[in-house]
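The values are calculated or read from the model by the stated rules, or taken from the named source; none is laboratory data. Worth saying up front: this structure is predicted, and the values here are computed from it rather than measured. Please note: Cβ atoms are built from the backbone with ideal geometry, for glycine as well, and neighbour counts cover all protein chains shown. Quick note on the areas: whole protein, heavy atoms, side chains included, nothing else; ligands and nucleic acids left out. Shrake-Rupley method; radii C 1.70, N 1.55, O 1.52, S 1.80 Å.
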Amino acid sequence: MNNIFVYCEIEGTTIADVSLELLTKGRKLANELGCQLEAIVAGNNLKDVEKQVLPYGVDRVHIFDEPRLFPYTSLPHTSILVNLFKEEKPQICLMGATVIGRDLGPRVSSALKSGLTADCTQLEIGSHEDKKAGVTYENLLFQIRPAFGGNIVATIVNPEHRPQMATVREGVMKKEILDENYKGEVIRHDVTKYVPEADYVVNVIDRHIEKAKHNLKGSPIVIAGGYGMGSKEGFDKLFELAKELHAEVGGSRAAVDAGFCDHDRQIGQTGVTVHPKLYIACGISGQIQHISGMQDAGIIISVNNDPNAPINTIADYVINGKVEEVVPKLIKYYKKNSK
Ligand SMILES: Cc1cc2nc3c(=O)[nH]c(=O)nc-3n(C[C@H](O)[C@H](O)[C@H](O)COP(=O)(O)OP(=O)(O)OC[C@H]3O[C@@H](n4cnc5c(N)ncnc54)[C@H](O)[C@@H]3O)c2cc1C
């Protein structure tokens, strides 16, 4: 009762990284609250699936195993969460801000009248004083995310309704195994008790999943270009530099909007979040929406002709100059040094 639940997304029989990241965060929050961490896995052929989640410090795993639960469809998965939550009364529910989470989260929260904060960038526990009502609420989930176009970072709380629901994008939280041999209870539910037959109205006949063309999220070195790259041809120089450094190339939203690079390379609040060891930002001003997707990089180098560009304030090294001059030099000298 009143525990933290993480909905674990599954592809085939493999739990998604975003869910493992949320289990890691969920464990930390559960420790702070002194409650248990529970995971929900719904899919097909889930023998031994608990072995993938228990090491993250999960105290109870709820497994719903039935052929029609994979691939994901909205109605059965919604019924599972809504009916399970009516029994278990969780205080917090977390899920990935993925295609599935964006579909499932609002359905569950509206069925339970709980509210939901999408795309959180931080989750913390804290207290909130409602001065008007003269009430202080302890141990609330602070659901933190950029708001009003990124001009403020908002902390959203849900004092009265439960569960407090939040979605988080992949890569925002870090995944970390707690203990390979962590012992938790495994509950295999009778799916028919949770999902009415009518929920299986949608039958997925064929699925096509496009493979990622790059490894931006996992690359130890990321070179990112912004609007300051000037043109697609100018931006393409970054691919040359990336080849020398065995790096991946990303872009700011302005670069994507200008057609300098593909949308799937966008880094930031509405793109991907990266945690490389080295991030080289070329012609990027460093607006909050961009920074929220790369600020955890180990070392940040900024190449910019404006010494007062906001990104310079978080950069470890600043190269003050024009990208047209600096980038070819970097290519030349890295080429020379790697011979
Ligand atoms: C809801 C919302 C979500 C958003 N999500 C994202 C997101 O996910 N990711 C993202 O990146 N943005 C996002 N944005 C947009 C963001 O606010 C900025 O507009 C964007 O990041 C700016 O991109 P930029 O730094 O490439 O361009 P600019 O702000 O135009 O900066 C260009 C920089 O290049 C420098 N420069 C110009 N010419 C040269 C040169 N020749 N040599 C060297 N430097 C040069 C300039 O000094 C400047 O610093 C979002 C905005 C909103 C409202």
Worksheet entry | Selection from 62, 35, 13, by position along the positive dipole direction of the range 1-92 (Cβ) | 35
Item to complete: Would you mind pulling out the separation of the Cα centroids of the range 191-210 and the range 133-149, in Å?
Response: 36 Å
Item to complete: Give a residue-ordered list of calculated ³J(HN,Hα) values for the range 311-316 (Karplus: 6.51 cos²θ - 1.76 cosθ + 1.60, θ = phi - 60°; whole Hz; x for Gly, Pro).
Response: 5, 4, 6, 10, 7, 7
Worksheet item: What's the angle, to the nearest 10 degrees (0 to 90), between helix 232-245's Cα axis and the longest principal axis of the chain?
Response: 80 degrees
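Per the 1.4 Å probe, what fraction of the accessible area of the chain, in percent, lies on carbon and sulfur atoms?
Carbon and sulfur atoms account for 51 percent of the accessible area of the chain.
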Worksheet entry | Where N is the number of residues in the range 221-337, Cα Rg divided by 2.2 N^0.38 Å | 0.93
Worksheet, complete the sentence: For residue 174, the aspartates and glutamates lying under 17 Å Cα to Cα, once residues fewer than eight places off in the same chain are dropped, come out as 9, 17, 21, 119, 124, 296
Response to the item:
Longest principal axis of the chain (C-alpha) makes with the long axis of helix 323-337 (C-alpha) an angle, in degrees to the nearest 10, of 90 degrees
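Contour minus end-to-end for residue 231 and residue 13, with contour as 0.36 nm per residue of separation and end-to-end as the Cα-Cα distance?
Length difference between fully extended and current span is 74.1 nm.
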Worksheet item: Of 211/335; 175/243; 25/217; 25/86; 51/113; 175/217, which ones are farther than 22 Å apart at the Cα?
Response: 211/335; 175/243; 25/86; 51/113
Practice prompt. Using just the helices of the chain, give the 222 nm mean residue ellipticity in deg cm²/dmol: DSSP H runs with n ≥ 4 each add -39,500 (n - 2.57), and the total is spread over all residues, rounded to 500.
Written response: -8000 deg cm²/dmol
Fill in: For the chain, accessible area per residue (1.4 Å probe, heavy atoms of protein chains only), Å²
50 Å²
Response to the item:
Computed ³J(HN,Hα) along the range 102-115: with the Karplus parameters 6.51/-1.76/1.60, θ = phi - 60°, integer Hz and x for glycine or proline, the list is 5, 8, 6, x, x, 5, 5, 5, 6, 5, 9, 6, 10, x
Practice prompt. Using only Cα atoms, find the angle between the long axis of helix 17-33 and the longest principal axis of the chain, and express it within 0 to 90 degrees, rounded to the nearest 10.
Written response: 70 degrees
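What size of dipole, in debye to the nearest 20, comes out for the range 234-305 about its Cα centre when the only charges are +1 on Lys and Arg C-beta atoms and -1 on Asp and Glu C-beta atoms?
140 debye
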Worksheet entry | Among 334, 93, 223 the positive-end extreme of the charge dipole of the chain (Cβ point charges) | 334
Worksheet item: Under a point-charge model restricted to the Cβ atoms of Lys and Arg (+1) and Asp and Glu (-1), what is the dipole moment magnitude of the range 291-339 relative to its Cα centre, in debye to the nearest 20?
Response: 460 debye
Discussion item. Compute, for the chain, the length of the dipole vector about the Cα centre, with Cβ point charges of +1 (Lys, Arg) and -1 (Asp, Glu) only. Units Debye, rounded to 20.
Written reply: 680 debye
